[in-house]
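Here the structure comes first, spelled out in structure tokens, and everything after it is commentary.
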């Protein structure tokens, strides 16, 4: 994703919710992951930047705190359980979301 000056980049892509096996593991920025925080993982270095993610007409803001998802998954973002709940995403599987920085 490329941001130039005040122009926001919009990306529609596949996303999923972090699995429960990640609970309490240390994220790339050094904090412990909990599903109750509005966080996400992207393939760029985590800088605590905020992103707006939309799914089926609902939007929520999340903080980028971890690396992921793996390239072979064909996803552009992994979302915390709290993010998934706020967007009313299904509990498992991939969905199309829109990400705006």
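Points to keep in mind about this one:
- Selection from the range 68-87 of residues that are free of Cβ contacts under 8 Å to residues at least 60 places away in the same chain and touching a strand residue (DSSP E or B) at 6+ places or on another chain (Cβ under 6 Å): 68, 69, 86, 87
Conditions tested, residue by residue: (1) out of contact with any helix residue (DSSP H, G or I) (no Cβ under 8 Å at 6 or more places or on another chain); (2) closer than 11 Å to residue 99 by Cα.
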site	(1), (2)
37	no, no
47	yes, no
60	no, yes
66	yes, no
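- If you go through the range 33-59 and keep only what is assigned to a strand (DSSP E or B), in contact with a strand residue (DSSP E or B) (Cβ under 6 Å, 6 or more places away or on another chain) and under 17 Å from residue 16 (Cβ atoms), you end up with 39, 40, 41, 42, 51, 53, 54, 55.
- Test result for residue 30, on the phi > 0 side of the Ramachandran plot and surrounded by 18 or more Cβ atoms within 10 Å (Cβ to Cβ): no
- If you go through the range 60-88 and keep only what is in a loop (DSSP other than H, G, I, E, B), modelled with pLDDT of 90 or more and crowded, with 18+ Cβ neighbours inside 10 Å, you end up with 80, 87.
The values are calculated or read from the model by the stated rules, or taken from the named source; none is laboratory data. None of the values given here were measured: they were computed from a predicted structure. FYI the Cβ positions are ideal-geometry reconstructions off the backbone, even for glycines, and counts take in every protein chain you see.
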